[in-house]
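Read the structure below first, then the notes.
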Amino acid sequence: MLLVMGIKWLLDGHPVYIVSSWRRSRAACIMLYHLMLQTVKTQQSAGVSPGQPHLLQYDLLKGKDVEEVVNDLSQAARGGSLYVIADEVNGLSYFRTVCDKLLTQVPHLHLWAASCFHRYAAAGLKVECLTRPLRSPPAVVREVEQDWRINEKRDVLPYSERGVPDHTDVPPVRRLYHRGQGHSGVKPFDCVTCGRDVANFLHSLRVGVTENVTTTATTVTSTSGGTTPPCLQWRDVLVLNWSNISDDAGMVNGLKEAGIPVRVMNVDDIDDVATARSDVVWITDGHRVCGLERKVVVCLEDHLLARLNYMSRCTSQLVIVYDDNKTKYK
């Protein structure tokens, strides 16, 4: 919805300001920026002059940058009009303060913000709660809806009915365990054997595999020899840990030994990850990629907060590596 509205504003000739309000919203906002920029370039090549997207990054987590955000956006308003998109807004009150101030300073404020937390909108903004699980398959939805912020704390609304028929309930969640012979390290992220186990499963999905295509008299769908693209590419896979992970962690070494093109995400890689530019498996602290989605998501540990933050990123195959089976969820 944010992307659709942002593109509409651009096509109407308005500049659109994409605001990242804290570290966890960086990746999602960068993705939106690049998608809007792609639309602009397409329109320009067709002789149309749309508005321009602008990416602004702040840190409101501890109340910092509030006045800076308000000043920057107030000055950006043209003729009293301002068009703002903000994704993955945090559940604290600081962004609400920004909205309250903008509503008093900008006569024609057009602001769309998205958050999984439903209690923190500014009083002058309309709230729409979108709870239909349209992206993730039912097997993933069942895992996510067990998150304590949904069924206990109630900060996040529960899923509603899907409203459309499910093509299938599969693939089932794949569960691996950090225990037994050959496993080492305190946690799955530091275990070479867990890395090999994850790699074996990815190979079983035929990630990155291309098939040779030969031309025959009876094959009407093939017009020339060559290869067909893989159903799953390495860029379709994210490995998410609960904290930062180093290049020499056991999980990384295990994946590399098995021939998986894996890279640990650093600060400078966020654009690459957000746009899925490189055909590699990225491994990172899951909080750094909030809002991004991948077909295959590997969660290292079934942590208390991992379900809403990490497992909801999966649009097809979810893999959970349990920490010695000593987790809250079974």
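The values are calculated or read from the model by the stated rules, or taken from the named source; none is laboratory data. Remember, it's a predicted structure, so these values are computed and weren't measured experimentally. As a convention, Cβ positions derive from the backbone with ideal geometry for all residues, glycine included, and neighbour counts pool all protein chains shown. All accessible areas refer to the heavy atoms of the entire protein, side chains included, with ligands and DNA or RNA removed. Shrake-Rupley method; radii C 1.70, N 1.55, O 1.52, S 1.80 Å.
Filtered by the rule that a residue be within 27 Å of HIS287 (Cβ to Cβ) and assigned to a loop (DSSP other than H, G, I, E, B), region 78-88 gives ASP87, GLU88.
To keep it simple, each residue is scored yes or no on (1) open to solvent by less than 50 Å² (accessible area, probe 1.4 Å); (2) over 17 Å from the mean Cα position of the chain (by Cα); (3) more than 11 Å from ILE85 (Cβ to Cβ).
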position: TRP9; (1), (2), (3): yes, yes, no
position: GLY13; (1), (2), (3): yes, yes, yes
position: LYS41; (1), (2), (3): no, yes, yes
position: ALA46; (1), (2), (3): no, yes, yes
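Check whether at least one residue in region 73-80 is without any contact (Cβ under 8 Å) to a residue 40 or more places away in the chain, more than 26 Å from ALA276 (Cβ to Cβ) and of a type in the set (S, T, N, Q), and report yes or no. Yes, some residue in region 73-80 is without any contact (Cβ under 8 Å) to a residue 40 or more places away in the chain, more than 26 Å from ALA276 (Cβ to Cβ) and of a type in the set (S, T, N, Q).
Can you say whether GLN75 is touching a Lys or Arg at 6+ places or on another chain (Cβ under 9 Å), open to solvent by 10 Å² or more (accessible area, probe 1.4 Å) and closer than 22 Å to ALA122 by Cβ, as far as the supplied structure shows? So GLN75 does not fit the description; no. I'd like to know if region 215-228 contains one or more residues that are touching a Lys or Arg at 6+ places or on another chain (Cβ under 6 Å) and either at pLDDT below 90 or assigned to a loop (DSSP other than H, G, I, E, B) (or both). Within region 215-228, not a single residue is touching a Lys or Arg at 6+ places or on another chain (Cβ under 6 Å) and either at pLDDT below 90 or assigned to a loop (DSSP other than H, G, I, E, B) (or both). Scanning region 89-129 for residues that are within 24 Å of the chain's Cα centre (by Cα) and assigned to a helix (DSSP H, G or I) yields TYR94, PHE95, ARG96. In region 96-109, the residues that are in contact (Cβ under 8 Å) with a residue 60 or more places away in the chain and closer than 11 Å to ALA121 by Cα never reach a residue that is surrounded by fewer than 19 Cβ atoms within 10 Å (Cβ to Cβ) and of a type in the set (D, E, K, R) with C-beta atoms less than 8 angstrom apart, at least six apart or across chains. For region 286-300, the set of residues classified as surrounded by fewer than 21 Cβ atoms within 10 Å (Cβ to Cβ) and touching a strand residue (DSSP E or B) at 6+ places or on another chain (Cβ under 6 Å) consists of GLU293, LYS295, listed by residue number. Any residue at all in region 64-72 that is assigned to a loop (DSSP other than H, G, I, E, B), over 22 Å from GLY124 (Cα atoms), touching a helix residue (DSSP H, G or I) at 6+ places or on another chain (Cβ under 9 Å) and open to solvent by 70 Å² or more (accessible area, probe 1.4 Å)? The answer is yes, given that some residue of region 64-72 is assigned to a loop (DSSP other than H, G, I, E, B), over 22 Å from GLY124 (Cα atoms), touching a helix residue (DSSP H, G or I) at 6+ places or on another chain (Cβ under 9 Å) and open to solvent by 70 Å² or more (accessible area, probe 1.4 Å). Restricted to region 243-330, the set of helices (runs of 4 or more DSSP H) holding at least 2 residues that are modelled with pLDDT of 95 or more comprises 250-257, 270-275.
Criterion applied to ASP190, ASP155, ASP147 was being closer than 30 Å to LEU92 by Cα and surrounded by 17 or more Cβ atoms within 10 Å (Cβ to Cβ), and the one residue passing it is ASP147.
When SER25 is tested against (1) under 30 Å from GLY286 (Cα atoms); (2) open to solvent by 70 Å² or more (accessible area, probe 1.4 Å), exactly one condition is not met: (2). For region 135-189, residues that are free of Cβ contacts under 8 Å to residues at least 60 places away in the same chain and of a type in the set (Phe, Trp, Tyr) total 1. Exactly one residue out of MET31, MET36 is in a helix (DSSP H, G or I), touching a residue at least 40 places away in the same chain (Cβ under 8 Å) and touching a Gly at 6+ places or on another chain (Cβ under 8 Å): that is MET31. None of ARG162, ARG132, ARG142 is part of a loop (DSSP other than H, G, I, E, B) and open to solvent by 60 Å² or more (accessible area, probe 1.4 Å) except ARG132.
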